[in-house]
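Engineer: Sharing a structure, written as structure tokens. Questions coming.
Bear in mind that the values in this text are calculations on the coordinates, not laboratory data. Remember, it's a predicted structure, so these values are computed and weren't measured experimentally. Neighbour counts are summed over all protein chains in view; Cβ atoms, including those assigned to glycine, are modelled from backbone coordinates with ideal geometry.
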Amino acid sequence: MTRELTPPAAPEADLKRGGWEQIEIQRETLFEMPAMRVRGVTRRYEDQRTRDALRAATDGQLDQQLRFFAVTRLSFEPPPPPGVSPTMFAPTLRSEACRTFKKRLGERGLTAIEQRSSDRIRLPDRSRARLTQFSATDPLEGAGNDLPLECWVAVWTSAGTVRVVTGGYPAVTLGSHFGLDTEDGPLTVTPDEYRREFVSLLRGVVEADQ
């Protein structure tokens, strides 16, 4: 019998403060490796505050998800034998996570999806996460102005548990990009500020799990 996976920890206070709302908890088989399946349970969030601000500023013309953030805990069926750590599968896990992430971006309706840079950062528990950047375009039906996005997937192993964090946000300042005469905070956020928040939430996932 397949056991039900426990949802991963997330920095709930930070997410709430930032205007994020949980929209889904999903359990699924992500991919298969020789002799085992890799399953995941994911918490998905949407930036509702920014969505509401853009809808109000455009009189309802633009009303859709603009930023997303998700945390996934991986498990293996059957479990690795004694003495075998998930870190031994790290290259395969990172490769499959990137492949799955790119596929999911396409399923969201995004176009021009390209894998960009890759980097490593040290996390609060002293583990290291591999971050891979993607660029993509959201056609934004009816907007007359496509929205470029910067998207990330981070994978790391700590205490024998594998986590994957994904996120995406506009690669532009929304107010300027859509020619809006507004000083509404969510519509004046720069791509650098979006990126810093993503990294902060990523670190918060580790802290919430300790």
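Engineer: Extending each Cα 7 Å along its Cβ direction at Glu107 and Leu140, get the distance between those two points in nm, one decimal.
Structural biologist: For the pair Glu107/Leu140, the computed spacing is 2.5 nm.
Engineer: Can you give me the long-range amide H partners of Phe31? Hydrogens built in the peptide plane at 1.01 Å from N, cutoff under 5 Å, separation of 5 or more residues or another chain.
Structural biologist: Here the answer is Val38, since their amide H atoms fall under 5 Å of that of Phe31.
Engineer: What FRET efficiency would be calculated for the residue pair Thr58, Ile121, taking the C-beta separation as r and a Förster radius of 30 Å, to the nearest 0.05?
Structural biologist: On the way: r = 36 Å, r/R0 = 1.19.
Computed FRET efficiency for Thr58 and Ile121: 0.25.
Engineer: Report, by chain and number, residues whose modeled amide H sits under 5 Å from the one on Gly18, excluding near sequence neighbours (fewer than 5 apart, same chain).
Structural biologist: HN-HN under 5 Å from Gly18: empty list.
Engineer: Can you tally the net charge around Gly175? Count Lys and Arg as +1, Asp and Glu as -1, for every other residue whose Cβ sits under 11 Å from the Cβ of Gly175.
Structural biologist: Neighbourhood net charge equals -3.
Engineer: Hey, rough spin-label estimate for Asp184 and Thr161, points 7 angstrom out along Cα→Cβ, what's it come to in nanometres?
Structural biologist: That separation, rounded to one decimal, is 3.8 nm.
Engineer: Sticking with this one: With r as the distance between the Cβ atoms of Ser85 and Gln210 and R0 = 25 Å, compute the FRET efficiency 1/(1 + (r/R0)^6) and round to 0.05.
Structural biologist: Efficiency computed from Cβ-Cβ geometry: 0.80.
Engineer: Just going by the charge dipole of the stretch 73-154, with Lys and Arg at +1 and Asp and Glu at -1 on Cβ, which of Pro81, Leu123, Thr111 is farthest out on the positive end?
Structural biologist: Pro81
Engineer: Would you work out the charge dipole size for the stretch 12-208 about its Cα centre, treating the Cβ of every Lys and Arg as +1 and the Cβ of every Asp and Glu as -1, and quote it to the nearest 20 debye?
Structural biologist: That gives a dipole near 1160 debye.
Engineer: Further question: What number in nm² do you get for the chain if you take the convex hull of its Cα atoms and divide its surface by four?
Structural biologist: Over every viewing direction, the Cα hull of the chain projects on average to 12.1 nm².
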